[in-house]
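Report on the following structure.
The values are calculated or read from the model by the stated rules, or taken from the named source; none is laboratory data. What you see is a predicted model, and the numbers here were worked out from it, not measured in a lab. For neighbour counting, all protein chains shown are included, and Cβ atoms are generated from backbone atoms with ideal geometry for every residue, glycine included. Accessible surface is based on the protein model in full, side chains and every heavy atom, while ligands, DNA and RNA are left aside. Shrake-Rupley method; radii C 1.70, N 1.55, O 1.52, S 1.80 Å.
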Amino acid sequence: MRIRFLFPVAAAALLCASLTGCGGNKSKVIKASIKECSERYGVEFRFKKKKLFAGGADCNVYVTCKELPEKMVRIFRADNHSPLCCDFISVKYSDALYEKTVSAVSGVNKNKYSDTSDWNIIVHEKDYNHFPPADFDKNTTFEDYVRDTPLETFVVIPQPLESDIMTGIYTDVMSALEKNGLAMDLSVYSMKDKKAADEVGHFDHVTERLEFSEVSSANAYSYSVRADGPFRIEVKGN
């Protein structure tokens, strides 16, 4: 059974800190949590610092390990009734995921659609704070991470395109992702202009749920082709 961290728990912890100043991040709990995560992932985590505004969470800290130099890993547990969350697997593999996805999608644009503008490619983990399924461990491979993490790629094109071109782009990009072993949802958006496209935002890493979730109609896209069933094209704006 997969156990996922729920955002309301984190919100409650922050509210607790702001209203009552309730405690958390006790040394004993931190040490035990770091030890458990070290055993889970087969690395030696070392305490780096407590998370700013940690709230009343039992453990909300950053750690480091020699396997991931110059990177920090977050360990979080709301209370002793909640799962112990750690983003080690995402920190370990998300750079490779981002690079492989951008390379695959950019290749489609370069080889077949070079007459269109540059595409904004957003690679997204739908999980909160990159906290993975509870059964990720030291044996988790890159392929496991991609298969068992809810992922989505957003392709934002800074100009309006006809629906048949958009459908073709969706098909070609999805094929390129699948050929590269990147199983994920895909959404392709054709924006009304470059200004609208820029409002979506640009990211050089895999985003998570609080950083980015979707392209809204407020961003004024012309057409979208998304993965929720057969090709579905929506008209927004002019």
Taking the range 120-168, the whole-percent share of alpha-carbon pairs separated by over 12 angstrom is 72 percent
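Looking at the range 116-235, send over the antiparallel percent of its DSSP beta bridges, to the nearest 5. Don't skip to the answer; put the middle values down first.
Details: 13 of 20 bridges.
Around 65 percent of the beta bridges assigned by DSSP in the range 116-235 are antiparallel ones.
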To the nearest Å², the heavy-atom accessible area per residue of the range 118-206 with 1.4 Å probe amounts to 42 Å²
Normalised radius of gyration for the range 23-88, please: alpha carbon Rg relative to 2.2 N^0.38 Å, two decimal places. 1.01
Toy charge model, Lys and Arg Cβ at +1, Asp and Glu Cβ at -1: the range 24-86 dipole around Cα centroid in debye, rounded to 20, equals 240 debye
Would you list which lysines come within 16 Å of Lys194, measuring only between C-alpha atoms, while excluding same-chain residues fewer than 8 positions from it? Lys236
In whole angstrom, note down how far apart the Cα centers of the range 197-214 and the range 26-78 are. 26 Å
Which residue fluctuates most in the GNM of the chain (Cα springs below 10 Å): Asp118, Asp164, Asp87? Asp164
Label-point gap, in nm, between Gln159 and Ala134 - each point 7 angstrom along Cα→Cβ: 5.1 nm
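Quick check on the chain: helices-only [θ] at 222 nm, where DSSP H runs of length 4 and up contribute -39,500 (n - 2.57) each and the sum goes over total residues. Nearest 500, please.
Numbers: 6 runs with 83 residues, N = 238.
My calculation for the chain gives -11000 deg cm²/dmol from helical runs alone.
If contacts are Cα pairs under 8 angstrom and at least 6 residues apart, what is the relative contact order of the range 52-97 in percent? Each step should come with its number before you reach the end.
Numbers: 56 pairs, mean separation 14.1, N = 46.
Across the range 52-97, relative contact order equals 31 percent.
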Where the accessible area of the chain is counted over protein heavy atoms with a 1.4 Å probe, how much of it, in %, is carbon and sulfur? 52 percent
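At 0.36 nm per residue, minus the direct Cα-Cα distance, what do Arg46 and Lys126 gain on full extension? Give it in nm, one decimal, please. It would help to have the intermediate numbers written out before the result.
On the way: separation 80, 0.36 × 80 = 28.80 nm, distance 2.76 nm.
This chain segment gains 26.0 nm when fully extended.
If contacts are Cα pairs under 8 angstrom and at least 6 residues apart, what is the relative contact order of the chain in percent?
On the way: 439 pairs, mean separation 39.4, N = 238.
In percent, rounded to a whole number, it is 17.
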Specify the angular offset, from 0 to 90 degrees and rounded to the nearest 10, of the alpha carbon long axis of helix 7-20 from the longest principal axis of the alpha carbons in the chain. 50 degrees
At 7 Å along Cα-to-Cβ for each site, give me the label-to-label distance between Ala96 and Lys35 in nm. 3.1 nm
Once a ≥ b ≥ c are taken as the square roots of the eigenvalues of the Cα gyration tensor of the range 111-219, is the result rounded (a/c under 1.5), prolate (a/b larger than b/c) or oblate (a/b not larger than b/c)? oblate
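Provide the gained length on full extension for the span Asn180 to Lys112, in nm with one decimal, where the gain is 0.36 nm per separating residue minus the Cα-Cα distance. Could you put the intermediate results ahead of the total?
On the way: separation 68, 0.36 × 68 = 24.48 nm, distance 1.75 nm.
Roughly 22.7 nm would be gained on extension.
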Please compute the contact order of the range 101-227 in relative form: average sequence separation of alpha-carbon pairs under 8 Å and at least six residues apart, divided by the residue count, as a percent. 33 percent
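Taking a cut-off of 31 Å, what percent of all Cα-Cα pairs in the chain are separated by more than that? Walk me through the intermediate numbers first.
Numbers: 9287 of 28203 pairs.
For the chain, the fraction of Cα-Cα distances above 31 Å is 33 percent.
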